[in-house]
Amino acid sequence: MNILVCGGTGFIGSEFIKNHFKKNPKSKIINLDNLTIGSNIKNIENIKNNSNYKFLKEDIRNESVMSNLIKDVDIVINFAAESHVDRSIANPKPFLDTNILGTYSILEGIRKYDKQFIHVSTDEIYGDAHGKLSFDENSQINPSNPYAATKAAADHLVSSYHRTYGINCITTRCTNNFGPNQFPEKLIPKTIIRSIKNLKVPLYGDGMQIRSWIYVNDHVQAIENLISKGKSGEVYNITAYEEITNKTIVEKILDILKKPHSMIEYVGDRPGHDKRYSINCSKIENQTGWKPQYNFDDALKQTVTWYLENQSWWDPLIDDDTLHPQPWTINSK
Ligand SMILES: NC(=O)c1ccc[n+]([C@@H]2O[C@H](COP(=O)([O-])OP(=O)(O)OC[C@H]3O[C@@H](n4cnc5c(N)ncnc54)[C@H](O)[C@@H]3O)[C@@H](O)[C@H]2O)c1
């Protein structure tokens with residue numbers, strides 16, 4: 001199989017490439033990434049000399065480059081995105097550019113050459129799940145922040161291209177991921193790194209926001225199942241564990257690192273912060289047989305251990321901005 005992976009130098013895309021080669025050594029993969037925030041070339045260090053792998057520093061918004069590449073592959077998987085909600089609050093424009101226009105640029109190549117497309121989206125497009133509500137794939141889309149709104153817009157574009165042009169596509173909506181190689185500004189790595197450095201650990205608002213999580217390898221395996229068993233034109237939710245509050249996650253990390261809970265510092269809440277995300281993923285389980293393989297507590301311990309043992313990976317990435325307690329207050333225009 002010839003695959004074009006967009007955003008394969010980031011957290012989830014790099015895990016997809018490594019996992020795919022482990023199980024399909026004969027596949028050919030082109031990794032296209034413009035190496036913006038969230039990316040790290042070290043994430044794919046161990047496969048850079050694989051003769052079936054090629055890296056291109058390019059932008060998904062470059063339509064002619066995308067068209068030329070899509071012509072010669074079987075499938076495109078798009079992980080490329082501006083992915084941090086806090087940054088989207090500080091400065092939404094790059095999110096509109098990459099997440100909407102970048103998806104448009106890929107879709108144009110897909111419809112021209114009739115190739116398969118996996119569009120990697122997020123459960124955040126559903127917005128707040130009030131009470132006991134859990135969203136399925138037919139639930140209303142109701143994004144609360146600029147990041148989620150741009151991802152929702154891209155989802156609509158994909159479904160419109162399926163309806164209008166009949167393109168072969170699947171949209172995935174996954175819950176919060178964690179694991180090695182996640183950029184230090186996200187909740188779990190930031191908590192681990194600040195704790196290791198004996199800095200106060202910020203919690204937005206009262207810390208009672210509820211999320212469900214998935215270990216990154218389970219996410220990329222779900223995508224593998226959809227490549228072979230998913231139905232074109234369909235949307236698939238992906239999630240793994242029981243719902244849990246941000247406060248509980250942070251306390252679990254402090255416990256693993258044997259640090260006191262008094263290191264937690266409550267800071268002003270993120271504007272528009274969703275209180276609860278909740279999705280149901282029985283569709284992917286029933287149609288493809290996918291099930292998460294990792295236990296949450298074990299995977300969290302494994303992740304903390306990875307950050308402890310790989311300080312040389314994250315040290316060059318951190319500055320006052322990435323570890324800032326309230327990053328949306330930074331003027332990043
Ligand atoms: N991290 C999560 O918890 C999560 C959950 C659900 C869905 N997702 C989605 O999964 C995808 C990957 O997320 P991630 O956490 O790995 O993000 P990430 O920020 O770690 O990686 C994104 C990658 O895309 C690249 N990129 C950004 N703009 C680009 C452009 N214009 N052209 C080419 N490359 C570009 C970056 O350089 C980076 O390598 C995103 O679409 C995100 O919305 C993430």
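The values are calculated or read from the model by the stated rules, or taken from the named source; none is laboratory data. All figures in this text were calculated on a predicted structure; none of them were measured in a lab. When we count neighbours, we look across all protein chains shown, and the Cβ atoms used for this are built from the backbone with ideal geometry, even at glycine. Surface accessibility is based on the protein's heavy atoms, side chains included, excluding ligands, DNA and RNA. Shrake-Rupley method; radii C 1.70, N 1.55, O 1.52, S 1.80 Å.
Kindly provide the set of residues from the stretch 167-209 that are among the aliphatic types (A, V, I, L, M) and assigned to a strand (DSSP E or B), ordered by number. Walk me through it before giving the result.
Residues of the stretch 167-209 among the aliphatic types (A, V, I, L, M): 167, 170, 187-188, 192-193, 196, 199, 201, 203, 208.
ILE170, VAL201, LEU203, listed by residue number.
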Tell me which residues, restricted to the stretch 97-125, are farther than 19 Å from ILE12 by Cβ and touching a Phe, Trp or Tyr at 6+ places or on another chain (Cβ under 6 Å).
-> LEU107, ILE110, ARG111
Within the bounds of the stretch 89-97, is there any residue that is under 16 Å from the mean Cα position of the chain (by Cα) and open to solvent by 60 Å² or more (accessible area, probe 1.4 Å)?
-> no
Out of the residues in the stretch 109-132 that are aliphatic (A, V, I, L, M) and within 29 Å of GLN326 (Cβ to Cβ), which is nearest to the ligand (Cβ to nearest atom)?
-> VAL120
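Sort out which residues of the stretch 286-301 are surrounded by 17 or more Cβ atoms within 10 Å (Cβ to Cβ) and in a helix (DSSP H, G or I), and write them in order of number. Give the steps one after another, and end with the answer.
Initial filter on the stretch 286-301 (surrounded by 17 or more Cβ atoms within 10 Å (Cβ to Cβ)): 288, 290, 292, 294, 296, 299-300.
Across the stretch 286-301, the qualifying residues are THR288, PHE296, ALA299, LEU300.
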Please specify each residue of the stretch 48-81 satisfying the condition of being more than 15 Å from the ligand (Cβ to nearest atom) and either crowded, with 18+ Cβ neighbours inside 10 Å or touching a residue at least 40 places away in the same chain (Cβ under 8 Å) (or both).
-> TYR53, LYS71, ASP72, VAL73, ASP74, ILE75
Might you check whether a residue that is more than 10 Å from the ligand (Cβ to nearest atom), of a type outside the set (Lys, Arg) and free of Cβ contacts under 8 Å to residues at least 60 places away in the same chain occurs anywhere in the stretch 89-97?
-> yes
Cross-chain or 6+ apart pairs with Cβ under 7 Å, the stretch 211-228 first and outside any helix (DSSP H, G or I), then open to solvent by less than 10 Å² (accessible area, probe 1.4 Å) and among the aliphatic types (A, V, I, L, M) = ILE214/ILE238; TYR215/ALA299
Any hit, the stretch 22-40, residues being under 26 Å from GLY230 (Cβ atoms), in a helix (DSSP H, G or I) and not charged (D, E, K, R) = no
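Out of all the residues in the stretch 98-108, which are open to solvent by 30 Å² or more (accessible area, probe 1.4 Å) and more than 9 Å from the ligand (Cβ to nearest atom)?
Of all residues in the stretch 98-108, those open to solvent by 30 Å² or more (accessible area, probe 1.4 Å) come to 100-101, 104, 108.
Within the stretch 98-108, ILE100, TYR104, GLU108 qualify.
Evaluate the stretch 2-9: report whether one residue or more is near the ligand (Cβ under 9 Å from one of its atoms), buried (at least 23 other Cβ atoms within 10 Å of the Cβ), among the β-branched types (Val, Ile, Thr) and at pLDDT 95 or above.
Yes - at least one qualifying residue is present in the stretch 2-9.
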Quickly run through the stretch 302-333 and pick out the residues that are surrounded by 15 or more Cβ atoms within 10 Å (Cβ to Cβ), assigned to a helix (DSSP H, G or I) and not polar (S, T, N, Q).
-> VAL304, TRP306, TYR307, TRP313, TRP314, LEU317, PRO327, TRP328
Hey, among the residues in the stretch 214-263 that are closer than 22 Å to ASP274 by Cβ and among the charged types (D, E, K, R), which one's least open to solvent (accessible area, probe 1.4 Å)?
-> GLU251
Screening LYS186, LYS200, LYS151 for residues that are crowded, with 22+ Cβ neighbours inside 10 Å and within 30 Å of GLU251 (Cβ to Cβ) leaves only LYS151
Of the residues in the stretch 225-244, those that are under 17 Å from the mean Cα position of the chain (by Cα) and under 15 Å from SER121 (Cα atoms) number 6
Residues LYS26, LYS42: which one is more than 15 Å from the ligand (Cβ to nearest atom), open to solvent by 40 Å² or more (accessible area, probe 1.4 Å) and within 23 Å of GLN221 (Cα to Cα)?
-> LYS26
Would you please name the residue that is nearest to HIS219 (Cα to Cα), looking only at residues in the stretch 229-266 that are of a type in the set (Ser, Thr, Tyr) and in contact with a Leu (Cβ under 7 Å, 6 or more places away or on another chain)?
-> TYR236
Which numbered condition trips up PHE16, out of (1) closer than 24 Å to SER232 by Cα; (2) away from the ligand (no atom under 15 Å from the Cβ)?
-> (2)
